[in-house]
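Presented below is the structure to which this report refers.
The values are calculated or read from the model by the stated rules, or taken from the named source; none is laboratory data. Just so it is clear, the model here is predicted, and its values are computed rather than measured. Here the Cβ positions follow ideal geometry from the backbone for every residue, glycine too, while neighbour counts run over all protein chains shown.
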Amino acid sequence: MKRSVIAAAIVGLCLAVFLVSIGFSPVSKKSTVAKPEDNIGKQQAQQARGAYLAHIGNCMGCHTRQGGQPYAGGHILETSIGTFVTPNITPDQETGIGLWNEEDFWRALHEGKGRNGELLYPAFPYTEYTKITREDSNAIFAYLQSLPPVQQHNPPNRIHFPFNFRPLIYIWRALYFEQGIYQPEAGKSDEWNRGAYLVQGLGHCNACHTTRNPLGASQGEILGGGQLMGSNWYAPSLTSLQEASTSDWPSHEIVQLLTVGLSSRAITTGPMAVVVSQSLQHLSKDDAHAMAVYLQSLPKTAPHSRGIAPELTEEVDRQLQHGNKIYETHCQDCHGSFGQGAPGAYPPLAGNRSVTLASPINVIRSILYGGYAPVTASNPRPYGMPPFAHILNDEEIALVLSYIRNAWGNRGSIITSVQVDRSRKGAQ
Amino acid sequence: MIWTAPLVFLFFIQFAAATGIPPVNAPDTMAERVKACITCHGPEDKKGRDAYYPRIAGKPEGYLFNQLRNFRDGRRHYQPMAWLLKGLPDQYLRDMAAYFASLKQIFPPPEPMSSSSADIELARKLIAQGDPAREIPACVECHGNDLMGTAPFIPGLLGLPRIYIIAQFGSWQNGGVMRGQTSDCMSEIAKQLTAAEANVIATWLAAQPVSESLLKREHSAVLSEKMARRCSSIVMQPPELQ
């Protein structure tokens, strides 16, 4: 039985490779009569547009390892199905995509197929990129081809059995992949549609902000929040008012959060801070506004699970008092005695939804390891949060966090030292 | 992005008006911005539950900048530093390095030394003359005659806890400080030293007082050509600092 499934899959694969190879034989370039300088101008404009789009899609974020050459790959993605090492997408002929053409690139983005028609693992978010238009795809390709080629061999992916059997991706795709460019919704403004295109397609927000099943497929509601694969971070729901929905925010404040990395209500941390500094801060004013309009309009949903606030028994009260003492010693200087924070530097903790999230993993992590707000053009030298992993023990972190989650009008579940310990051990 | 600046101000007003609670004042200084660093590398020698946080005040700017980059990019392996610095661009790391390099901070009192006179003699000899037979250069050759470092890339060795120096020797010996750097002069030198030698050097260094005049002196800026060549993996570097 098993064998016949595999055999069928192999036949399918061969057929697909065959179809792909006849479907995409090299196209002859149409000769157009134009002055050479016009062409150069057009080419430069296309590359410039591609550069912008590549930034907004944050291609560099995955295709560059920390401290490495831009776009030369080597970045590691840990997932439930294995470890992926991102490829070199500079135009080096041997180690990059120097031998690719526009068509190859389009097929990767739109259909999730490699240059030889092989099916790509969806660690490359073609489930989102399929919505990108052909024109944008060509522009991004033109930009990538204009980069200096970098010769860099990256180590191969290490994918667990049985997922290393590529034809299984056929089944995966049949279940989870819907190919097709973004279709504007009639009755919505151009701005809204532009925002939807950016959020759903190029920005691939749903790659993180949703729950994934063990096969790595987005399974939760769109933008409904979920834990990042292979990492101890939770990407909050963009639709729940208990999490990171912005439906009750003024749009300019959403723009500020996306492009500066902090606003008076929220601050981006962890992987989102990286996305802001690498990508979103480069959004044009119009595109940032379009994204804000779309995000604001997302349907409101209930959170995955609500944190259950404790009953104020004597024991709980004692714990919170103890947490308050720790807060006064270590947190109050920056976050204030009323959790009010310092605008532009230290986020308020009173009314801060990321503090009271049902899943405490982000806030535990922030206390353990600290971190900086993203560096952006309008915030080039952000303020930072110190790590406390070596200063406070698990019990103390649990106490202070329980206090913060239940002070100044906040309500959230009590955190235990076991949760902190788990975070220390599972951090990546 | 200039258009966002007025917004920050606007929210400030809004928050204060809505709650009646004045926000915390965060001064617009580097000292405030590096608060995240000084829970470990603090001025009053505040330590966490283990004592391996070295003094960084007054070390050469280029050295600090390189270490920040090495930590961020995983070449020098210490996960908490990598997490803290994740995503910060070179320019900001340079600002941080310049800030800490400019601090003229009082040194901690020297640690007591109960070594035998033979050990002290051995430490002095290795530090001042090295051991040419084993290709061990004198410490002073790179770290300066006063052992306060050489601008811009070589750190000073005084004011560090003995236990920290011993741990660093251990890491140099087993390749734990700079992973993947093939030609690494300090690693080669550390491998030549016996555990006993590393121990007496660390003990001697930690026991040296630092006078105020030494603290105020500028870093000497000459690294011999021979050592610069031998240690090219350490002194590699950003053109603007050369």
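Listed values, structure above:
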| read-out | value |
| --- | --- |
| Residue pairs meeting the criteria (Cβ under 6 Å; at least 6 apart or on separate chains; first of a type in the set (Lys, Arg), in the range A:144-167; second surrounded by fewer than 18 Cβ atoms within 10 Å (Cβ to Cβ) and part of a strand (DSSP E or B)) | A:Arg158/A:Thr83 |
| Filter result for A:Ile169 (at pLDDT 95 or above, among the hydrophobic types (A, V, I, L, M, F, W, C) and either in a helix (DSSP H, G or I) or out of contact with any Phe, Trp or Tyr (no Cβ under 7 Å at 6 or more places or on another chain) (or both)) | no |
| Any hit, the range A:283-305, residues being touching a Lys or Arg at 6+ places or on another chain (Cβ under 9 Å), under 17 Å from A:Ser417 (Cα atoms), crowded, with 18+ Cβ neighbours inside 10 Å and away from every other protein chain (no Cβ under 13 Å) | no |
| From the options B:Glu141, B:Glu197, B:Glu121, B:Glu188, residue that is out of contact with any Pro (no Cβ under 6 Å at 6 or more places or on another chain), under 22 Å from B:Asn70 (Cα atoms) and part of a helix (DSSP H, G or I) | B:Glu188 |
| Scope the range B:53-77; condition within 22 Å of B:Pro108 (Cβ to Cβ) and either in contact with a strand residue (DSSP E or B) (Cβ under 6 Å, 6 or more places away or on another chain) or part of a loop (DSSP other than H, G, I, E, B) (or both); matching residues | B:Tyr53, B:Pro54, B:Arg55, B:Ile56, B:Ala57, B:Gly58, B:Lys59, B:Pro60 |
| Matching option when the condition is assigned to a helix (DSSP H, G or I) and more than 20 Å from the chain's Cα centre (by Cα), among A:Asp104, A:Asp92 | A:Asp104 |
| Breaking point among (1) assigned to a helix (DSSP H, G or I); (2) free of Cβ contacts under 8 Å to residues at least 60 places away in the same chain; (3) closer than 30 Å to A:Thr269 by Cβ, for B:Leu88 | (1) |
| Members of the range A:379-427 found to be away from every other protein chain (no Cβ under 12 Å) and of a type in the set (Ser, Thr, Tyr), listed by number | A:Ser402, A:Tyr403, A:Ser413, A:Thr416, A:Ser417, A:Ser423 |
| Cross-chain or 6+ apart pairs with Cβ under 9 Å, the range B:19-41 first and assigned to a loop (DSSP other than H, G, I, E, B), then acidic (Asp, Glu) and surrounded by fewer than 19 Cβ atoms within 10 Å (Cβ to Cβ) | B:Val24/A:Asp333; B:Ala26/B:Glu32 |
| Index of the failed condition, A:Lys188 passing every other in (1) in contact (Cβ under 8 Å) with a residue 60 or more places away in the chain; (2) surrounded by 14 or more Cβ atoms within 10 Å (Cβ to Cβ); (3) out of contact with any helix residue (DSSP H, G or I) (no Cβ under 6 Å at 6 or more places or on another chain) | (1) |
| Number of positions in the range B:92-118 that are outside any loop (DSSP other than H, G, I, E, B) and surrounded by 13 or more Cβ atoms within 10 Å (Cβ to Cβ) | 10 |
| Check on B:Ala82, loosely packed, with under 15 Cβ neighbours inside 10 Å and either away from chain A (no Cβ under 14 Å) or in a helix (DSSP H, G or I) (or both) | no |
| Residues within the range A:338-378 that are hydroxyl-bearing (Ser, Thr, Tyr) and more than 9 Å from chain B (Cβ to nearest Cβ), tallied | 4 |
| Residue under evaluation A:Pro348, criteria (1) more than 21 Å from B:Pro22 (Cβ to Cβ); (2) surrounded by 21 or more Cβ atoms within 10 Å (Cβ to Cβ), criterion not met | (1) |
